1. Please list, ordered by residue number, the helices (runs of 4 or more DSSP H) wholly in the stretch 1-116 having 2 or more residues that are at pLDDT 95 or above and within 26 Å of His228 (Cα to Cα).
2. From the list Ala178, Ala187, pick out the single residue that is in contact with a His (Cβ under 6 Å, 6 or more places away or on another chain), farther than 22 Å from Ala94 by Cα, at pLDDT 95 or above and open to solvent by 20 Å² or more (accessible area, probe 1.4 Å).
3. Picking from Leu275, Leu265, which residue would you name as being within 16 Å of the ligand (Cβ to nearest atom) and part of a loop (DSSP other than H, G, I, E, B)?
4. Specify which of the listed residues (Glu145, Glu77) is over 22 Å from Arg303 (Cβ atoms) and out of contact with any Phe, Trp or Tyr (no Cβ under 7 Å at 6 or more places or on another chain).
5. Could you check the stretch 159-175 and list, in sequence order, the residues that are open to solvent by less than 50 Å² (accessible area, probe 1.4 Å), within 16 Å of the ligand (Cβ to nearest atom) and without any contact (Cβ under 8 Å) to a residue 60 or more places away in the chain?
6. Identify, please: which residue in the stretch 252-262 is within 11 Å of the ligand (Cβ to nearest atom) and either of a type in the set (D, E, K, R) or open to solvent by less than 20 Å² (accessible area, probe 1.4 Å) (or both) and is, among those, farthest from Gly113 (Cα to Cα)?
7. Among the listed residues Leu20, Leu85, Leu72, which satisfies the condition of being surrounded by 12 or more Cβ atoms within 10 Å (Cβ to Cβ), more than 21 Å from the chain's Cα centre (by Cα) and either closer than 17 Å to Ala310 by Cα or polar (S, T, N, Q) (or both)?
8. Leu136 - would you say it is away from the ligand (no atom under 14 Å from the Cβ) and open to solvent by 30 Å² or more (accessible area, probe 1.4 Å)?
Amino acid sequence: MKYWKKLSRPQLIKKIDTALESTVDFESSRYLGYPVSHLDENVFNTSGTSLDNAPILKSFIANPNNIGCHTLGKSEEAFKGSQELEKEVIRVLAVDIFKAKEDEYDGYIATGGTEANIQALWVYRNLFKKEFNASLDEMVILSSEDTHYSVHKGSNLLSVENVSIPVDFNSREIIASALDTIVGKLASEGKKYFMVISNMATTMFGSVDNPDVYAEILTKHNVNFKIHVDGAFGGFIYPITNKQSTINFENPNVTSITIDAHKMLQAPYGTGVFLCRKGYIENVLTKEAQYVDGMDLTLSGSRSGANAIAVWMILFSYGYYGWFEKINTLILRTEWLCDQLNTLNVAYFRDPFMNIVTIKSSYVPEDLAHQFGLVPDTHDGENSWYKVIVMDHVEIDDLLKFVEELKVSQLQKIN
Ligand SMILES: *Cc1c(COP(=O)(O)O)cnc(C)c1O
């Protein structure tokens with residue numbers, strides 16, 4: 001890990017204070033032309049000693065705007081501090097976690113995984129238009145049936161058809177033969193440009209797609225394609241737990257990645273990250289964004305600099321090893337749960353590198369699922385699965401209560 005270090009609390013606070021100083025100083029009367037200010041002190045508690053030890057609250061009060069993309073070109077001078085910290089976040093993610101080469105990546109902190117996924121589709125749609133003069137009818141989005149619904153939003157917004165690829169019921173793996181047939185059929189119907197959303201942990205199962213399966217089949221059919229990895233949930237776990245993972249920028253098949261900081265990283269909402277290789281994000285340049293100094297290459301306009309600082313602070317509070325330990329604690333708990341389920345002969349799906357256990361619903365009485373807040377795969381009609389996600393607050397003692405109730409229900413069934 002080249003950049004992902006652990007800083008002491010005083011170091012963290014000092015860096016954030018410095019960033020805020022260079023970010024905005026509305027009192028100096030230097031910013032007469034910006035439609036921004038600090039939070040309204042008539043409404044919010046914006047002063048007092050309680051803030052001294054609360055750098056994130058201070059950041060929210062200062063209210064910097066991280067509008068635009070800061071990994072290339074110029075950026076707004078007025079918010080330099082929080083933008084620099086955002087750049088550090090993007091660098092840790094791109095280089096240390098997803099193995100991008102130095103300065104070979106772009107990215108920004110989006111509102112969430114939804115925006116980051118749509119940003120990727122938007123980049124590819126424009127790329128296919130620009131490079132090949134492709135029409136919307138010639139493009140198609142491919143994703144597994146377990147893919148997050150944000151991809152359907154993107155398909156709808158961008159007017160590019162989305163085709164779902166079936167997965168095996170038990171392994172949740174993409175059925176390669178079905179993908180092959182579907183691509184063949186789409187190609188014969190005139191589709192030439194494929195945008196793939198490959199999951200690094202699906203929301204319901206934590207299943208991880210192999211992007212190389214897509215690449216191999218699409219190459220065989222001689223069509224153009226780009227692959228985006230949706231690591232909204234898994235991005236802060238899978239690359240840490242699976243050291244052998246090839247789902248990163250070293251893999252030539254992967255062009256862009258989504259990672260949500262507001263899921264596993266427990267950052268404030270509004271912190272999904274979009275990453276891509278250099279040379280792609282320019283496809284969504286909005287030339288008309290002339291009042292923004294620098295280029296706006298993002299789907300959102302104004303966005304929270306305080307959020308970027310919060311993500312920065314979490315990353316550098318832990319450092320790589322701190323995060324490694326935290327994730328492995330969750331994995332340990334997950335393995336504990338799986339051992340118990342094995343003993344009880346309960347059928348479930350779990351990717352060995354993930355903290356999601358998805359149990360076949362026939363093994364879990366409905367009232368039990370309700371009592372423990374398990375999430376079903378569908379809220380209307382018959383569901384087939386219930387998932388447990390071992391997050392920070394889900395401890396073995398909590399899992400134990402569930403397992404004990406599950407045992408009782410099994411005994412009741414027999415009697
Ligand atoms: C949560 C999630 C999303 C959407 O992210 P938001 O941050 O809620 O917009 C996209 N993909 C996957 C796999 C997710 O788990």
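1. On the way: elements: 9-23, 55-62, 80-91.
In the stretch 1-116, the matching helices (runs of 4 or more DSSP H) lie at 80-91.
2. Details: Ala178 fails: in contact with a His (Cβ under 6 Å, 6 or more places away or on another chain).
Checking each option against the conditions leaves just Ala187.
3. Values: Leu275 fails: part of a loop (DSSP other than H, G, I, E, B).
Matching residue, one of Leu275, Leu265: Leu265.
4. On the way: Glu77 fails: over 22 Å from Arg303 (Cβ atoms).
Just a single option satisfies the conditions, and that option is Glu145.
5. Asn162, Ile165, Val167, Ile174
6. From the stretch 252-262, those within 11 Å of the ligand (Cβ to nearest atom) are 258-262; that's our starting set.
The next check asks that each one be either of a type in the set (D, E, K, R) or open to solvent by less than 20 Å² (accessible area, probe 1.4 Å) (or both); those that pass are 258-261.
Working: Thr258: 6, Ile259: 7, Asp260: 6, Ala261: 9 Å.
The extreme case among them is Ala261.
7. Details: Leu85 fails: more than 21 Å from the chain's Cα centre (by Cα); Leu72 fails: either closer than 17 Å to Ala310 by Cα or polar (S, T, N, Q) (or both).
Just a single option satisfies the conditions, and that option is Leu20.
8. Numbers: away from the ligand (no atom under 14 Å from the Cβ): yes; open to solvent by 30 Å² or more (accessible area, probe 1.4 Å): yes.
The answer is yes for Leu136.
The values are calculated or read from the model by the stated rules, or taken from the named source; none is laboratory data. Values in this document were obtained by computation on a predicted structure and should not be read as measured data. Don't worry about glycine lacking a Cβ; one is built from the backbone with ideal geometry, like all the others, and counts go over all protein chains shown. Please note that ligands, DNA and RNA were not included when accessible areas were found on the heavy atoms of the full protein model with its side chains. Shrake-Rupley method; radii C 1.70, N 1.55, O 1.52, S 1.80 Å.
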